[in-house]
Amino acid sequence: MTGKTRNSMAAIMTILVTVVMWMTAVIGLIVLLAGGIELVSMLSGSAINLGAIKVDDHDITLPELVAGLAGVLVVVAAVVFVCLELRRILATLAEGDPFVPENAVRLTRIAIAIAITQLMRYVIAIVMGLAVHGTHVELSVDLIAWASVAALFILSQVFREGTRLRDEEKMTI
Amino acid sequence: MTIRVTLDRVLLDRRMSLTELSERVGVTLANLSILKTGKAKAIRFSTLEALCRELGCQPGDILIFDSEDEGSAKRVAAE
């Protein structure tokens, strides 16, 4: 693969990641705003009238809404964080030198971010189960997500070792 | 490092500059400097061969094993 192809590939991926990041951020913000208005409406116990939008019909309970908002917040933050880290990795790829120690750290951070979103799912489900009587708590393990976390941790170690070997090769005269 | 590079001594004996040696063996001046200052982590047989050929010496003239240095390295590692 030539440097040019690699760079154009990195450029395309960067655009894709940036689009995903902004879409997630904007949609997340809209959902959080809507949820926030609903929350204020619920807490005040009165209908909120925002011109064309009228919030008064609550078809979900307060704990469900709070849990949902917390979940959305964590997922949006994690996706934006992962995208930012991916962009940094892609920037090193575009420069033609992705085997830097920082990329191993970035991969570890991405794995931790995904793990946190999964752990938050369990925390929210458990808290909901404890706080609200009669709530049906369903704890499912997302094997794909945990497999990605494991794969990313392994890749990060591979990167770390690769970087060390490359440095050694650099210092071999 | 327990292996020390004594390239500077050999160069001095031969009255040869590092630049001239780099041109002769086809190794960049930067890499030869890394080797000379003992920062290199390894040396290829091909490089060693070229150096010995151009300097008219044996590998043992360029590289020496310093057992005292090894002792201090072990002490540092133990600490």
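Please treat every number below as a calculation from the coordinates, not as lab data. No experiment lies behind these values; they were computed from the predicted model shown. When we count neighbours, we look across all protein chains shown, and the Cβ atoms used for this are built from the backbone with ideal geometry, even at glycine.
Is the shape of region A:3-170 best called rounded, prolate or oblate, per the rule: a/c under 1.5 gives rounded, else a/b larger than b/c gives prolate, else oblate, with a ≥ b ≥ c the square roots of the Cα gyration tensor eigenvalues? Walk me through the numbers on the way to the answer.
Working: a/c = 4.24, a/b = 1.94, b/c = 2.19.
Oblate, since a/c reaches 1.5 and b/c is not below a/b.
How high is the relative contact order of region B:3-78, in percent, with contacts defined as C-alpha pairs under 8 Å that are six or more residues apart?
Details: 51 pairs, mean separation 35.5, N = 76.
Relative contact order comes out at 47 percent.
Mind running the shape call on region B:3-78? Use the C-alpha gyration tensor, a ≥ b ≥ c as the square roots of the eigenvalues: rounded below 1.5 for a/c, prolate if a/b tops b/c, oblate otherwise. Please report the intermediate quantities before stating the final value.
On the way: a/c = 2.22, a/b = 1.93, b/c = 1.15.
It is prolate, given that a/c is not under 1.5 and a/b is the larger ratio.
Give me A:Ile173, A:Ile144, A:Ile116, A:Ile126 sorted ascending by neighbouring Cβ count inside 10 Å, so fewest comes first. Don't skip to the end; give the middle numbers.
On the way: A:Ile173 22, A:Ile144 8, A:Ile116 16, A:Ile126 12.
Arranged by neighbour count, lowest to highest, A:Ile173, A:Ile144, A:Ile116, A:Ile126 become A:Ile144, A:Ile126, A:Ile116, A:Ile173.
Treat every Asp and Glu Cβ in the protein assembly as shown as -1 and every Lys and Arg Cβ as +1, leave all other atoms uncharged, and give the resulting dipole magnitude about the Cα centre to the nearest 20 debye. Intermediate values should be presented prior to the final figure.
Values: 24 positive and 27 negative charges, 158 e Å.
With only Lys, Arg, Asp and Glu charged at Cβ, the dipole is about 760 debye.
Report the number of Lys pairs in the protein assembly as shown whose alpha-carbons are under 20 Å apart, with separation of 8 or more residues or on distinct chains.
Pairs that pass both the separation and distance tests number 5.
Once a ≥ b ≥ c are taken as the square roots of the eigenvalues of the Cα gyration tensor of region A:81-167, is the result rounded (a/c under 1.5), prolate (a/b larger than b/c) or oblate (a/b not larger than b/c)?
Values: a/c = 4.29, a/b = 2.91, b/c = 1.47.
Because a/c hits 1.5 or more and a/b exceeds b/c, region A:81-167 counts as prolate.
Per DSSP H run of n ≥ 4, the term is -39500 (n - 2.57); total these for chain A, divide by its residue number, and report the mean residue ellipticity at 222 nm rounded to 500 deg cm²/dmol. Mind dumping the intermediate values first?
Details: 4 runs with 134 residues, N = 173.
Using -39500 (n - 2.57) per qualifying helix, the result is -28000 deg cm²/dmol.
Using a basic spin-label model with each label point 7 Å from the Cα along Cα→Cβ, how many nm lie between A:Leu29 and A:Glu64?
2.9
Using Cα pairs under 8 angstrom and six or more residues apart, how large is the relative contact order of region A:3-170, in percent? Display every interim value, and only then the final one.
Values: 141 pairs, mean separation 43.3, N = 168.
Over region A:3-170, the number comes to 26 percent.
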